[in-house]
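Accompanying notes for the structure given below.
The values are calculated or read from the model by the stated rules, or taken from the named source; none is laboratory data. Note that the structure is a prediction, hence the values are computed from the model and not measured. Backbone-built Cβ (ideal geometry, glycine too); neighbour counts: all protein chains shown.
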Ligand SMILES: NC(=O)c1ccc[n+]([C@@H]2O[C@H](COP(=O)([O-])OP(=O)(O)OC[C@H]3O[C@@H](n4cnc5c(N)ncnc54)[C@H](O)[C@@H]3O)[C@@H](O)[C@H]2O)c1
């Protein structure tokens, strides 16, 4: 129960790695605040964690709306009294998420905005909403989800996703600098392909497979834990060797 008495707020918690992180943190004793733009799914996810004996609330939040983000942080504080962990998992490539197959130079500006707003501005908003609480507590950990696309770039419908995920690395360093004098850490985890959906199996890696979601979540949980107490400001690639180079 390494997260007993810890309170974790997780964005994008209705599916994929956000949901699995919330479930694993709850299993390890954390009280979890699940947030997601998908209101029905986040309510079902929080119910299921409570059904398994965990302590969870589900809050509908669009990370592009600072008012909603701040209200969720306030609700977490009112319910549980503190916020120890923030996991910024909400995100996705704009072309896929908004079903837009056009090349970048033909993409509607709304699609471009979505890519930047969810994947970068939303993370800035969430950091802004909880950092003051963590500074007051003199402890806290923020984990941001990057991507190999932020290292390699992408010319196939994720140009803004790539820009946002690169930006997350700089944001992580800056939040780490803001938090370090107050005992607050911030790290970035940049996965290669992860099997949160079947299509990711087609992306090549040196290890010849995509990651199981639990492999990435295990790294996230390690960075959240006291075992990682001397780690901050760092970006962790977990990509099966994809970025070593030489892959087409
Ligand atoms: N799956 C991969 O292969 C992969 C690879 C690299 C990086 N990542 C990153 O890891 C993170 C999690 O990926 P996943 O595959 O588990 O995701 P997922 O697609 O399973 O879940 C993303 C969640 O974000 C939510 N979301 C979308 N827009 C939102 C908004 N405006 N406000 C709040 N929530 C919103 C969705 O409803 C969904 O529940 C993402 O940031 C993603 O970019 C994933």
The condition of being away from the ligand (no atom under 13 Å from the Cβ) and surrounded by fewer than 15 Cβ atoms within 10 Å (Cβ to Cβ) holds, among 47, 65, only for 47
When every residue in the stretch 74-115 that is in a helix (DSSP H, G or I), modelled with pLDDT of 95 or more and within 11 Å of the ligand (Cβ to nearest atom) is compared, the one surrounded by the most Cβ atoms within 10 Å (Cβ to Cβ) is 115
Being at pLDDT 95 or above, in a loop (DSSP other than H, G, I, E, B) and within 8 Å of the ligand (Cβ to nearest atom) is the filter here; which residues of the stretch 190-213 pass it? 192, 193, 195, 196, 210
Of the conditions (1) within 15 Å of the ligand (Cβ to nearest atom); (2) closer than 23 Å to residue 78 by Cβ, residue 19 fails just one. Which one is it? (2)
Looking at the stretch 40-65, which of its residues are closer than 18 Å to residue 80 by Cα, part of a helix (DSSP H, G or I) and touching a helix residue (DSSP H, G or I) at 6+ places or on another chain (Cβ under 7 Å)? 49
For the stretch 4-16: of the residues being in a loop (DSSP other than H, G, I, E, B) and more than 17 Å from residue 61 (Cα to Cα), which is nearest to the ligand (Cβ to nearest atom)? 6
Taking residue 186 and the conditions (1) touching a strand residue (DSSP E or B) at 6+ places or on another chain (Cβ under 7 Å); (2) part of a helix (DSSP H, G or I), which numbered condition does it fall short on, given that it satisfies the others? (2)
Filtering the stretch 131-158 down to residues that are assigned to a helix (DSSP H, G or I) and either within 14 Å of the ligand (Cβ to nearest atom) or under 14 Å from the mean Cα position of the chain (by Cα) (or both) yields 149, 150, 151, 152
Is it true that some residue in the stretch 225-238 is touching a helix residue (DSSP H, G or I) at 6+ places or on another chain (Cβ under 9 Å), more than 16 Å from the ligand (Cβ to nearest atom) and on the phi > 0 side of the Ramachandran plot? yes
Are there any pairs, at least 6 apart or on different chains, whose C-beta atoms fall under 7 Å, with the first in the stretch 64-90 and over 20 Å from residue 14 (Cβ atoms) and the second assigned to a loop (DSSP other than H, G, I, E, B) and away from the ligand (no atom under 14 Å from the Cβ), and if so, which? 77/83; 84/6; 84/139
Among the residues in the stretch 169-185, are any within 13 Å of the ligand (Cβ to nearest atom), more than 19 Å from residue 18 (Cβ to Cβ), surrounded by 17 or more Cβ atoms within 10 Å (Cβ to Cβ) and in contact (Cβ under 8 Å) with a residue 12 or more places away in the chain? yes
The lone condition residue 162 fails out of (1) touching a residue at least 24 places away in the same chain (Cβ under 8 Å); (2) closer than 19 Å to residue 88 by Cα is (1)
